[in-house]
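A quick write-up on the structure given underneath.
Where a number appears in this text, it was derived from the coordinates with a stated rule and is not lab data. Since we're looking at a predicted model, the values are computed, not measured. Neighbour counts are summed over all protein chains in view; Cβ atoms, including those assigned to glycine, are modelled from backbone coordinates with ideal geometry.
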Amino acid sequence: MLGPFAVSKTFYITTPIYYVNDKPHIGHAYTTIACDVMARFKRLDGFDVKFLSGTDEHGQKVAKAAKDQGISPQELCDRNSKNFRDLLGVIGASNDDFIRTTEERHKVACQALWKQLEANGFIELKKYAGWYAVRDEAFYDEGELTKNADGVLVGPTGAPVERVEEENYFFKLSAFQDRLLKFYDTNPDFIGPKSRFNEVYSFVKGGLNDLSISRTTFSWGVPVPGPKGDDPKHIMYVWIDALTNYMSALGYPNTSGDYAKYWPNVMHMVGKDIIRFHCVYWPAFLMAANLAPPQRVFAHGWWTVEGQKMSKSLGNVVDPNDMVAKYGLDQIRYFLMREIPFGNDGDFAEAAIAGRINGELANELGNLAQRGLGFIAKNLGGELPSPGAFTAEDTELLKAAADIIGPVREAMDKQGFDKALDAIWSVVRAANVYVDRQAPWALKKTDPARMNTVLYVMAETVRHLGILMQPFVPTSANKMLDQLGVPAGERTFAHLGYAHALKPGPLPAPTPVFPRYVPAGEAQAPKPPKGAK
Ligand code: MSP
């Protein structure tokens, strides 16, 4: 099956740009890791990939945080944007660019888009009285509001709203209802998972109000362009500013270069809370500017922590830096991608992390690699032996390892990370069963030629697993491939299959790739000497 991006072979993937009013937490790391896995997968599959992340630095929320801390908004942005940029290194993100909305290239793009919307007749100045939630940086309709337990008026997310009355520029969103519905009808893969598609569809079907896209009561934002330079009164609403980042990073309004190469072969990865902005407002802005809407938006779920909502007031905000230091980078990446079907909510429980590390990475995948390579190092002087004729069992396992890319690719095209891992794991488990049945250690004396073939088949299966696991656990997977002596240039999906099989000969000394997680305190507990009372 050809995935939605297969025709052009370019793939542009973006994280949401993160608000700098706060420190990065595990939810932010999650979105970025998912994008990184996708980006690495597509690169290995022969695509020309551009992977973008960045920070969302304007708006009332950031301005307020700076005020509370007694510093200028720019100072706050510089300090906190760095935390997000540093996190990318910590979580192994292979992004090609990092955009900050306070950069000049972004201002240029925002103002160009605005002028295009205006020239096309979709912006008008109106008096506005309505409800705004600073926490969500969103306007809500009267009908969406409720009172919370404390009697405070809140929006659908529970964020308190305030009454605003301003003269604002409006985007004529109401004119796009039919075009959006038609676009969804003809692009059923535009939004994943399906449940979110339906949610967006019924929201738009319910009717669209025009959208206020400028603010006048504070000044921390991109100035609205006027006929003679910047409009002194209005700044852009933070979401029109923020969404444009995806095009600023392609050099828009220059429509040659990266823009021509990557737009609209783009996938925006977002959390479920910001789907309306990406699936309704963003395609409407683009249509209004005569630009193509993105190919796909995927909305993932939210993590709770040990069963509770993550919040500063509960003091349970998980810092991804701590988790990586405690469990290891590949281990955290694996856990986040494996634990819950992408799109669903999930619970971040440390016992579950340890379970996945020990049960799956150490006992199943790590053990498979170690059994084969350790045996070769100990008994064959570290030389990968030449295989003899293959039996039906050998061929079956080799074929399963080579063919699994089909179902894995199909799952990844729908961002089914857990399903892709399930498919890979079917080979890990089959390989462990194969080793138990073939018992190479027993063949050492009885049939060394057969032992050589079994060890070779094991190593060749591990080579496939190493190649396939690179997007998820890049460091460990490459360590597995190093230990098999696979050249750096022979690790893409084009190198799966027997045509690129391992060459017999000396291998580097193996070391375990996936250590067991042992909680601190139990780490070095010495075993009592034999016979000790
Ligand atoms: N600045 C906007 C995005 C603009 S994109 C043009 C924003 N920023 S954010 O920092 O608040 O959130 C960034 C992402 O983190 C969102 O996709 C959000 O869903 C995600 N998460 C925040 N908390 C989360 C969890 N507890 N669990 C999973 N993801 C979470 O929104």
Cross-link partners of Lys115 among aspartates and glutamates (Cα-Cα below 16 Å; sequence separation of 8 or more within a chain):
Glu124, Asp230, Asp231, Asp241
Would you kindly calculate the mean projected area, averaged across all directions, of the convex hull enclosing the Cα atoms of segment 433-487, in square nanometres?
4.3
222 nm mean residue ellipticity, helices alone, for the chain (DSSP H n ≥ 4; -39,500 (n - 2.57); rounded to 500):
-13000 deg cm²/dmol
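Taking segment 4-70 on its own, what percent of its Cα-Cα pair distances exceed 17 Å? Let's see the in-between values first.
Details: 1169 of 2211 pairs.
The share of Cα pairs beyond 17 Å in segment 4-70 comes to 53 percent.
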What percentage of all Cα-Cα pairs in segment 350-506 are separated by more than 28 Å?
17
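For segment 10-301, build the convex hull from the C-alpha positions and give me its volume per residue in Å³.
136
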Could you tell me which residue out of Val154, Asn187, Ala477 lies farthest along the dipole of the chain toward its positive end? Charges go on the beta carbon: Lys and Arg +1, Asp and Glu -1, centred on the Cα centre.
Ala477
How about Lys414: which lysines have a C-alpha closer than 21 Å to its C-alpha, ignoring those fewer than 8 places off in the same chain?
Lys9, Lys42, Lys50, Lys194, Lys272
Could you please report the charge total around Phe390, scoring K, R as +1 and D, E as -1 over all other residues with beta-carbon less than 12 angstrom from its beta-carbon?
-2
Which of the lysines could a cross-linker span from Lys23 if the Cα-Cα distance has to be under 16 Å and same-chain partners fewer than 8 positions apart are dropped?
Lys61, Lys64, Lys82, Lys312
FRET efficiency estimate (nearest 0.05) - Cβ-Cβ, Ser426 to Phe218, R0 60 angstrom:
0.60
Post the alpha-carbon centroid distance, segment 364-386 to segment 65-123, in whole angstrom.
50
Cβ-placed point charges (K, R +1; D, E -1), dipole of the chain about Cα centre in debye, nearest 20:
1180
Two-decimal ratio, segment 308-439, of alpha-carbon radius of gyration to 2.2 N^0.38 Å
1.33
Dipole of segment 150-305, positive end: most advanced residue of Trp239, Phe277, Ser256 [Cβ charges, Cα centre]:
Ser256
With no solvent and one point per C-alpha, what does the Debye sum give as log10 I(q)/I(0) for segment 88-195 at q = 0.17, 0.18 Å⁻¹?
-1.22, -1.22
In nm², the average projected area of the convex hull spanned by the Cα atoms of the chain is 30.3
Which listed residue (Ser219, Pro294, Ile71) has the Cα farthest towards the positive end of the charge dipole for segment 10-301, taking +1 on Lys and Arg C-beta and -1 on Asp and Glu C-beta about the Cα centre?
Pro294
Quick check: residue separation of Ala449 and Gln69 times 0.36 nm, minus the Cα distance between them. What number comes out in nm?
129.6 nm
Percent antiparallel among DSSP beta bridges confined to the chain, nearest 5, equals 50
Within segment 10-301: Cβ-based charge dipole about Cα centre, in debye rounded to nearest 20 (Lys, Arg +1; Asp, Glu -1):
360
